[in-house]
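The values are calculated or read from the model by the stated rules, or taken from the named source; none is laboratory data. Bear in mind the structure is a predicted one, so any value in this text is a computation, not a measurement. A quick note on method: Cβ atoms are made from the backbone with ideal geometry, for glycine too, and the neighbour counts reach across all protein chains shown.
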Amino acid sequence: MDINAWKKRLEGLPLGELYIYQELGSTNQVADELVHQGAPNFSLISADSQTAGKGRYGRSWVTQPGKALAFSLILHPEADLIDTNQLERISGLGALVVAEVLTKNYSLNAEIKWPNDVLVNGKKVAGVLVDANWSGSELKAVILGIGLNVLEGSVPEIPLNFPASSLEELSGRIIPRLDLLMDILKSFLKWYPRITTQTFLTAWDGYLAYKNKHVMLLSGEDIVDQGQLSGISDNGSLIIQSDMGNEKRYRTGELHLRLVDRSRK
Ligand code: BT5
């Protein structure tokens, strides 16, 4: 990766400070340290590879050299733009911008598997990780991290928690990583000021995978609920018409979704 070329293109966007590395432990981790050093809004931390990439709840995310995108944005949300009860929206925003760019700019069949995965043709190609940076009870910053499997060889050859692939394998095309990053950042800059609007929720809802399908909501291996997935609520919760007969709303937490194949007995 040509760090200077990346910096030059990225300088054309209205971002904060730019930190572009060949290799890092975790871009979210470094972003967290930079918040303490006063890094401004929209600062970007990007790495060609990560040696300790983070997934949710202590899981890990693998970023192989030269194959993927791994980056984090530091956000200092204004109190009226987002409050601490709405961090789900930032995670939704990350997934929305990736899904929208893949669909509109690259004609891929992208969907959001609530809460934080982006699927193409049903396979996971990207994950979103939002970390909050607190100073006592005050929210200092939010870190939006995105990992995206771009080229063949980006998916690690280890057992994964969900079937995964790369954009190259799914589309047969080599998408230049810097072009894709520029597109995603532009989409982010467009959507971020609208994060409290109904337009944002409608767009997010529009990319949801398994809409009107029967799903299982799990916490680890435990089934929390089963029912038909209806959509996203006004506060970014997932709405399920539960098999128990009533409508249920779920906030992120350590939850994940599986499609239930009802054709199988
Ligand atoms: C996620 O977690 O999907 C969020 C991943 C966020 C990664 C970005 S990269 C930039 C920023 N800096 C960081 O340190 N992290 C963020 P989760 O839903 O918990 O999924 C994690 C699981 O995905 C792992 O336990 C593996 O099973 C699987 N996995 C790991 N690497 C993968 C990859 N490259 N492609 C697909 N699946 C992967």
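Quick one: is residue 96 part of a helix (DSSP H, G or I), modelled with pLDDT of 95 or more and either surrounded by 18 or more Cβ atoms within 10 Å (Cβ to Cβ) or away from the ligand (no atom under 12 Å from the Cβ) (or both)? I'd like the intermediate steps shown before the answer.
Numbers: part of a helix (DSSP H, G or I): yes; modelled with pLDDT of 95 or more: yes; either surrounded by 18 or more Cβ atoms within 10 Å (Cβ to Cβ) or away from the ligand (no atom under 12 Å from the Cβ) (or both): yes.
Judged against the criteria, residue 96 is a match.
Kindly establish whether residue 35 is over 18 Å from the mean Cα position of the chain (by Cα) and closer than 20 Å to residue 139 by Cβ. Spell out how you get there, then give the answer.
Numbers: over 18 Å from the mean Cα position of the chain (by Cα): yes; closer than 20 Å to residue 139 by Cβ: yes.
Considered against the rule, which asks whether it is over 18 Å from the mean Cα position of the chain (by Cα) and closer than 20 Å to residue 139 by Cβ, residue 35 comes out as yes.
Is it true that some residue in region 164-174 is away from the ligand (no atom under 12 Å from the Cβ), charged (D, E, K, R) and part of a loop (DSSP other than H, G, I, E, B)? So that I can check it myself, show each step before the final result.
Filtering region 164-174 for residues away from the ligand (no atom under 12 Å from the Cβ) gives 168, 170-174.
Now drop any that are not charged (D, E, K, R), which leaves 168, 173.
Now restrict to residues that are part of a loop (DSSP other than H, G, I, E, B): 173.
Checked region 164-174: at least one residue is away from the ligand (no atom under 12 Å from the Cβ), charged (D, E, K, R) and part of a loop (DSSP other than H, G, I, E, B).
Quick grid of which residues meet (1) of a type in the set (D, E, K, R); (2) touching a helix residue (DSSP H, G or I) at 6+ places or on another chain (Cβ under 8 Å); (3) part of a loop (DSSP other than H, G, I, E, B):
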position	(1), (2), (3)
5	no, yes, no
8	yes, no, no
21	no, yes, no
35	no, no, no
39	no, yes, yes
57	no, no, no
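When you look at residue 74, is it part of a strand (DSSP E or B) and either closer than 20 Å to residue 203 by Cα or among the β-branched types (Val, Ile, Thr) (or both), yes or no? Even if it seems obvious, please write down each step before you answer.
Values: part of a strand (DSSP E or B): yes; either closer than 20 Å to residue 203 by Cα or among the β-branched types (Val, Ile, Thr) (or both): yes.
Here the answer is yes, as residue 74 does meet what is asked.
Under 6 Å by Cβ, and 6 or more places apart or on different chains, what pairs join a residue from region 46-57 that is farther than 15 Å from residue 71 by Cβ with one that is modelled with pLDDT under 95?
The qualifying pairs are 57/254.
Residue-by-condition table, conditions (1) out of contact with any Lys or Arg (no Cβ under 8 Å at 6 or more places or on another chain); (2) without any contact (Cβ under 8 Å) to a residue 60 or more places away in the chain:
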residue: 126; (1), (2): yes, yes
residue: 134; (1), (2): no, yes
residue: 139; (1), (2): yes, no
residue: 142; (1), (2): yes, no
residue: 146; (1), (2): yes, no
residue: 149; (1), (2): no, no
residue: 152; (1), (2): no, no
residue: 157; (1), (2): yes, yes
residue: 161; (1), (2): no, no
